[in-house]
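The values are calculated or read from the model by the stated rules, or taken from the named source; none is laboratory data. On a predicted model such as this, the values are computed, not experimentally measured, just so you know. When we count neighbours, we look across all protein chains shown, and the Cβ atoms used for this are built from the backbone with ideal geometry, even at glycine. Calculation scope for accessible area: heavy atoms of the full protein, side chains included, ligands and nucleic acids excluded. Shrake-Rupley method; radii C 1.70, N 1.55, O 1.52, S 1.80 Å.
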Amino acid sequence: MLDAIVVGSGHNALVSACYLAEAGWSVQVLERDTVPGGAVSTVERFPGHRVDRGSSAHLMIRHSGIVEELRLADHGLSYVDCDPWAFAPAPVGADRPGIVFHRDLDATCRSIENACGAADAAAYRRFVADWTPRARHMMRAFAGPPTGVQLARAFGGLGLPGRGRPAPAVSALAHAFLSTGDALLDAYFDDEPLKAALAWFGAQSGPPMSEPGTAPMIGFAALMHTLPPGRAVGGSGALTSALIGRLTADGGQVVLGDPVTELRRGVDGWTVRTAGGEVRHARVVVAGCHVLTTLDLLERGGHDTDAIHGWRRGVRVGPGIGMAVRLATDALPVYPSAPADLAGPGVHAGLQLLVGDRAHLRAAHGAASAGELPPRPVALAMTFSALDPSLSPPGEHQATLWSQWHPYRLSGGRTWTDLAEAEADRIVAEIEALAPGYTASVRHRHVQSPLELERELGLRGGNIMHVEMSLDQMLLWRPTPDLAGHRVPGADGLYLTGASTHPGGGVSGYSGRTAARLALADARRTGRRRIRRG
């Protein structure tokens, strides 16, 4: 019998496996795919091009301490800062420069002043001063299970009750966190293209910035001036490779290409069956797959059917977030509104926010809610071959175009099989409008519609965040109140991790570390014996 079986090889699942193996546990990771890492993986899509299958830039994991705790640099992981971390081209026809968001706050404010005026530059400086400590405390809240004690400890230095802090200050802080992203932007800034750029940055979490509780998603931009997103050298999958290297160095194993079909709780632990007919036994299971997939596996294993049906109904995946178009090109996009004097990769180092006003965002989200395609795709470009030449052959480049919002289920009986390529054409047209001539550089293209994201990466409903990142499915309620806290009622020894759990989607590793710590703490408390290797 193993100490632990980890279902799925997404980065959170692998983080859990690494911490358990480090503690001396015998650990085996079971992955349905033949490529490990889930959405944090890189493959050769085009000849000589290493292309990400899912995530591209890593932010939260660089703030988590996990990379250092697991000594992943010793297993080949290295990051290059995305600096500038974002660029917002000037709208088509506008006589103004684009906005460059540098790691350096002063340089960012100079760019904002040139594009938007002195008042908005000063407002941005205030925004960063206000939200940097708030974002740091949010990161602390992400570092443990979403309990009242953990959240109070994480936010304790920001004015929560106690120590004579006045109630009005507490109320103002709560209001700031519960506000909409649009309200935050309107409170600080006047320039609409600046607001649109920051709204598009915040909307990468999925919800529109008109929803309550989305202000912190924009507030995270303040942390970019402390430590910007990083690009893993060799592709996003370099993180997965380093985690597997660490795991195997501690005696853990990864088994690919044999999907788990059933999780069954017994007297002494768990029985795990796979499609290939394998039967394994473990004292603990860590489920790193989609929460709905985990519930399916539990139901096949005889868990309480009525409870599972109730939990399923409470998990809101949503209509879908978006789709990606991966390109191999022989040139980088040239934006006429980009500064000509930036050194190195310049505006190609980070996110290229191809939105000039928030009406563009709002129209796309409204259409997706009705099962319609956006009137105009809302696009973001990433051209990390400028930052990491190892991704492409000499003289060639690659780009990822991410677009929101695109519904998983289309109205009128239409299918993504019929529409994916035409929608990809419209997405490419968005960057062509801001970087004329870029389309002519495209040599290869791979389209990931919401349906394809589900098929390839196991992302139910095409949602890259597993379940919607709306206020009622975050913190103590993610993915549901009953399933929050990384556990399933009545399934002792089963721990949940991945984007379905607190703190949600994105490359962070937080939920993986938390699930492992809970399993280790439970083992110490119950005196459960480990099966030591050898």
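Using the Cα gyration tensor of the range 174-316, with a ≥ b ≥ c the square roots of its eigenvalues, what is the shape: rounded (a/c below 1.5), prolate (a/b larger than b/c) or oblate (neither)? Oblate.
Each of Arg524, Arg455, Arg71, Arg316 has its accessible area taken with a 1.4 Å probe; listed largest first, they run Arg524, Arg455, Arg71, Arg316.
Within the chain, antiparallel bridges make up roughly 70 percent of the DSSP beta bridges whose residues both belong there.
Taking the Cα centre of the chain as origin and assigning +1 to Lys and Arg Cβ atoms and -1 to Asp and Glu Cβ atoms, the resulting dipole is close to 1920 debye. When peptides 229-240, 343-354 are sorted by average Cβ neighbour count within 10 Å, with the highest value leading, the order is 229-240, 343-354.
Taken about its Cα centre, the range 189-342 carries a charge dipole of roughly 500 debye when the Cβ of each Lys and Arg holds +1 and the Cβ of each Asp and Glu holds -1.
With the helix formula -39500 (n - 2.57) applied to DSSP H stretches of n ≥ 4, the chain reaches a computed 222 nm mean residue ellipticity of -11000 deg cm²/dmol.
Using a probe radius of 1.4 angstrom, the carbon and sulfur fraction of the accessible surface of the range 379-534 is 53%.
For the listed peptides 424-437, 321-334, a ranking on the average number of other beta carbons within 10 Å per residue, highest first, reads 321-334, 424-437. The residues of the range 224-290 present an accessible area of 34 Å² per residue when probed at 1.4 Å with all protein chains retained. The phi-based Karplus calculation (6.51 cos²θ - 1.76 cosθ + 1.60; θ = phi - 60°) puts the 3J(HN,Hα) values of the range 423-438 at 5, 4, 4, 5, 5, 4, 4, 5, 6, 4, 5, 9, 9, x, x, 5 Hz, whole numbers, x for Gly and Pro. Positive end of the charge dipole of the range 23-131 (Lys, Arg +1 and Asp, Glu -1 on Cβ, about the Cα centre): tell me which of Ser78, Cys109, Gly48 has its Cα farthest that way. Projecting each Cα onto the dipole axis, the largest value belongs to Gly48. To the nearest ten degrees, helix 358-369 and the longest principal axis of the Cα atoms of the chain are 40 degrees apart. The Rg/Rh ratio for the range 1-94, using Cα coordinates for both the radius of gyration and the Kirkwood hydrodynamic radius, is 1.09. In the context of the full set of protein chains, residues of the range 394-534 present 41 Å² of accessible surface per residue (probe radius 1.4 Å, heavy atoms only).
Rounded to the nearest whole Hz, the Karplus-based 3J(HN,Hα) values (6.51 cos²θ - 1.76 cosθ + 1.60, θ = phi - 60°) of the range 202-212 follow the sequence x, 6, 4, 6, x, x, x, 6, 8, 7, x, with x at glycine and proline.
With the cut-off at 1.5 for a/c, could you classify the range 276-418 from its C-alpha gyration tensor as rounded, prolate or oblate? Oblate.
Put simply, the Cα atoms of the chain extend 71, 64, 51 Å along their principal axes, the longest span coming first.
Under the criterion of Cα pairs below 8 Å and six or more residues apart, the relative contact order for the range 19-68 equals 21 percent. Each of Trp270, Val260, Ala187 was scored by the projection of its Cα onto the charge dipole of the range 181-331, and the greatest displacement toward the positive side belongs to Trp270; charges sit on the C-beta of Lys, Arg, Asp and Glu. Rounded to the nearest Hz, the phi-derived 3J(HN,Hα) couplings of the range 446-453 under the Karplus curve 6.51 cos²θ - 1.76 cosθ + 1.60 (θ = phi - 60°) are 10, 10, 10, 6, x, 5, 5, 4, where x marks glycine and proline. Of the solvent-accessible surface of the range 32-111, computed with a 1.4 Å probe over protein heavy atoms with every protein chain present, carbon and sulfur atoms account for 48 percent.
Seen from Phe220, the other residues with C-beta closer than 12 Å to its C-beta sum to a net charge of +2, counting Lys and Arg as +1 and Asp and Glu as -1.
Can you tell me how the range 1-160 classifies by the Cα gyration tensor, rounded, prolate or oblate, using a/c under 1.5 as the rounded cut? Note, shape of the range 1-160 comes out oblate. Close amide-amide hydrogen proximity is noted between Leu351 and Ala86, Phe87, each under 5 Å apart and 5 or more residues distant or on a separate chain (H modeled in the peptide plane; Pro and chain starts excluded).
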